[in-house]
1. Output the residue which, of all residues in region 8-22 that are within 16 Å of the ligand (Cβ to nearest atom), in a loop (DSSP other than H, G, I, E, B) and of a type in the set (D, E, K, R), is nearest to the chain's Cα centre (by Cα).
2. Among the residues of region 149-178, write down those that are without any contact (Cβ under 8 Å) to a residue 12 or more places away in the chain and not small (Gly, Ala, Ser).
3. Here are Ala175, Ala205: which of them is away from the ligand (no atom under 12 Å from the Cβ), surrounded by 12 or more Cβ atoms within 10 Å (Cβ to Cβ) and either among the polar types (S, T, N, Q) or under 30 Å from Asp26 (Cα atoms) (or both)?
4. Please specify each residue of region 185-202 satisfying the condition of being outside any strand (DSSP E or B), within 16 Å of the ligand (Cβ to nearest atom) and hydrophobic (A, V, I, L, M, F, W, C).
5. Filter region 79-128 down to the residues that are free of Cβ contacts under 8 Å to residues at least 40 places away in the same chain and part of a strand (DSSP E or B) and list them by number.
6. With the requirement that a residue be within 10 Å of the ligand (Cβ to nearest atom) and on the phi > 0 side of the Ramachandran plot, what does region 94-144 give you?
7. Which ones in region 33-67 are surrounded by fewer than 18 Cβ atoms within 10 Å (Cβ to Cβ) and among the small types (Gly, Ala, Ser)?
8. Exactly one condition in (1) in contact (Cβ under 8 Å) with a residue 40 or more places away in the chain; (2) outside any strand (DSSP E or B); (3) among the hydrophobic types (A, V, I, L, M, F, W, C) is false for Phe76; which is it?
Amino acid sequence: MIRLADLFPDNDYRFQLRFERGEPADFFAPTAKHHEVRAERQRWLHSDPKTYAALSPPGEPLLDEVVELAGVWNGFVPPLATTTGQTCRALGGFWEADYLLLKADAAGEIRLYGGCLCFPSSWRLGDKLGQPMEFIHGPVPGLNSCIGAAIHKFLASLKPGVASLRHNWGLARSAELNQHPGRALPQLDAMVSADEVWLRVEHQALVALPKSGGILFGIRVVNHSLAEVKADPVAAARLCRALETMTDAMARYKNLATARERILQLLRS
Ligand code: HEM
């Protein structure tokens, strides 16, 4: 597992297109929190299946291939005689990771065709279904103009059999894994106390699907308390630097507009 300090470059804030190689089976393997995380995922998928899972017709062959791979990697056995929607949700309740299914369309645009997203960081699966990467990343200020083309090139040239691993980080006001915007959970602001601030890390894996020509995108969320970050002086210093140097637009996007100064103060105290 990556060290906290390695989440942040020893540099001013910037978008990173850096990957490590991993084993897909390891990325999706159960952790010590398996039972608890799976139970929570199954709860969301059961209580509101349309919000947390989706599959459009072009996603069906991608799901078939991913179900087969999940069997080989992690022993997943799909339910018998069910609909593709049920199979999609069954896999979402089996893995601890969220998963998304993408594929290039006839014009070469890589689009999102389905998956299970029980632990979103403030976005809605339904808003992005069927949409190309440029639209999906539209709300992230400056991302498309800065690395949109490089992301496309990278995704279009993924090689099968390996997982390309990367990480995103954010800050949240609770350790809730599910930060779906519809839940209206408390947001960070200038009054936040140290024990309310959580570093939310998204561990991500991109895996090529050679049979269907699709892409599997896995996301695992891990929360770290501010105390844990502060216990690692290199991580704390790099997080401070990222917070100080990100643009106002990026700070607003990351829900830090009014909280940035306060969190810097808490990190330095
Ligand atoms: C392969 C390289 C990729 C890079 C470098 C990348 C980078 C990023 C970054 C920097 C953010 C902003 C997160 C933050 O700072 O809080 C973001 C957001 C996001 N990314 Fe990616 N991403 C990649 C691939 C993907 C893929 C394959 C998907 C598939 C659907 C995806 C979906 C999203 C979504 C949904 C958001 C949130 C957008 C919103 O707030 O509406 N990304 N990405």
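1. Once the filter is applied, the top-ranked residue is Arg18.
2. Lys153, Glu176
3. Ala175
4. Leu185, Leu188, Val197
5. Hit for region 79-128 is Leu112, nothing else.
6. Residues satisfying the conditions are Gly115, Ser122, Gly142.
7. Ala39, Ser47, Ser56
8. Tallying (1) in contact (Cβ under 8 Å) with a residue 40 or more places away in the chain; (2) outside any strand (DSSP E or B); (3) among the hydrophobic types (A, V, I, L, M, F, W, C), Phe76 fails exactly one: (1).
Every number in this text was worked out from the coordinates using simple rules, so none of it is lab data. Predicted model only: the values in this text are computed from it and were never measured. Methodologically, a virtual Cβ is constructed for each residue, glycine included, from the backbone with ideal geometry; neighbour enumeration extends over all protein chains shown.
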